[in-house]
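Student: One structure, pasted below without further comment.
The values are calculated or read from the model by the stated rules, or taken from the named source; none is laboratory data. Remember, predicted model here, so these are calculated numbers, not experimental data. Glycine gets a Cβ as well: all are built from the backbone with ideal geometry, and neighbour counts include every protein chain shown. Heads up: the accessible areas ignore ligands, DNA and RNA and are worked out on the full protein's heavy atoms, side chains in. Shrake-Rupley method; radii C 1.70, N 1.55, O 1.52, S 1.80 Å.
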Amino acid sequence: MLCDISGSMEPYARAYLQFLTCARGAEAFVFATRLTRVTRALASRNPDRAMQNAAAAAPDWSSGTRIGDALKAFIDRHGRRGMARGAVVVILSDGWERGDPAVVTAEMQRLRRLAHRIVWVNPRAASDEFAPRAGGMAAALPYCDALVSGHNLASLAEVVDAIAGARDPPQPVDVEAEEEEPWASATPVAGSSIAMPSGYGPKRGHTTPGWTQ
């Protein structure tokens, strides 16, 4: 799991990292302006201590967001060496990118060639008015196998189904328009996940079943 710990995502990041304290065998990374591996920090049997350790390990907690740089760091340092090969990679982020979205596109292409499945969890997808227009989200979407909201406890079932490979009927998604206003709050809103556009899925010959990162 690659978990966005920027200011807008911090409440969700804490919830998912607490969830990962119970997930043995999964690798965990956090990112805002840099990538930090927190697998060992979350290994404590005490959830509160685990969260303290993770926060201490990531000096950029609640800062800005550089998704493309974080993806590049993950692939260069860990993914190409085997961690992403045949794995299910879960990215938790609202898709806001301070850097160049073209970097997100390039790194998602690389990750697509390595991973068995890429699941993007975006709490903003819970809104009925949601469209993946933010620079990072729009750049990443064509390389994702599933986009789900995961914005509350009930919607975690969608995340589990997406990791397992369940699919909703494909629906067309407009990714061309630009977002007019930034998302200023991480407060969950009512709604459900958004289905993936037709034609996006694992490429045969490049992936094999694996484990969850």
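Student: Hey, does segment 121-132 have a residue that's within 14 Å of the chain's Cα centre (by Cα), part of a strand (DSSP E or B) and either within 20 Å of residue 12 (Cα to Cα) or aliphatic (A, V, I, L, M) (or both)? Give the derivation first.
Tutor: Kept after step one, since they are within 14 Å of the chain's Cα centre (by Cα), are these residues of segment 121-132: 121-125, 132.
Then keep just the ones that are part of a strand (DSSP E or B); that gives 121.
This time we only want the ones that are either within 20 Å of residue 12 (Cα to Cα) or aliphatic (A, V, I, L, M) (or both), so: 121.
Checked against the condition, which is being within 14 Å of the chain's Cα centre (by Cα), part of a strand (DSSP E or B) and either within 20 Å of residue 12 (Cα to Cα) or aliphatic (A, V, I, L, M) (or both), segment 121-132 yields at least one hit.
Student: Another one. Give the residues of segment 17-44 that are open to solvent by 40 Å² or more (accessible area, probe 1.4 Å) and in contact with a helix residue (DSSP H, G or I) (Cβ under 6 Å, 6 or more places away or on another chain), sorted by residue number.
Tutor: The answer is 18, and nothing else.
Student: Let me ask something else about it. Condition check: open to solvent by less than 20 Å² (accessible area, probe 1.4 Å), assigned to a loop (DSSP other than H, G, I, E, B) and more than 20 Å from residue 26 (Cβ to Cβ). Does residue 136 satisfy that?
Tutor: It is false that residue 136 is open to solvent by less than 20 Å² (accessible area, probe 1.4 Å), assigned to a loop (DSSP other than H, G, I, E, B) and more than 20 Å from residue 26 (Cβ to Cβ).
Student: Which of the residues belonging to segment 46-85 are assigned to a loop (DSSP other than H, G, I, E, B) and under 16 Å from residue 27 (Cα atoms)?
Tutor: Within segment 46-85, 58, 84, 85 qualify.
Student: Please find, within segment 123-133, the residue that is least open to solvent (accessible area, probe 1.4 Å) out of those that are charged (D, E, K, R) and at pLDDT 75 or above.
Tutor: 124
Student: Give me a count of the residues in segment 67-104 that are farther than 14 Å from residue 137 by Cβ and touching a Lys or Arg at 6+ places or on another chain (Cβ under 6 Å).
Tutor: Looking only at that region, the number is 2.
Student: Which ones in segment 92-120 are of a type in the set (A, V, I, L, M, F, W, C), part of a loop (DSSP other than H, G, I, E, B) and either free of Cβ contacts under 8 Å to residues at least 24 places away in the same chain or under 18 Å from residue 62 (Cβ atoms) (or both)?
Tutor: The first filter runs over segment 92-120 and keeps only residues of a type in the set (A, V, I, L, M, F, W, C), leaving 92, 96, 102-104, 106, 108, 111, 114-115, 118-120.
Right, trim to part of a loop (DSSP other than H, G, I, E, B) and you get 96, 115.
The one that is of a type in the set (A, V, I, L, M, F, W, C), part of a loop (DSSP other than H, G, I, E, B) and either free of Cβ contacts under 8 Å to residues at least 24 places away in the same chain or under 18 Å from residue 62 (Cβ atoms) (or both): 96.
Student: Going by what's in this entry, would residue 103 be described as of a type in the set (Val, Ile, Thr) and open to solvent by 10 Å² or more (accessible area, probe 1.4 Å)?
Tutor: Numbers: of a type in the set (Val, Ile, Thr): yes; open to solvent by 10 Å² or more (accessible area, probe 1.4 Å): yes.
So residue 103 fits the description; yes.
Student: In segment 45-88, what residues are surrounded by fewer than 23 Cβ atoms within 10 Å (Cβ to Cβ), closer than 17 Å to residue 22 by Cα and of a type in the set (A, V, I, L, M)?
Tutor: Across segment 45-88, the qualifying residues are 50, 51.
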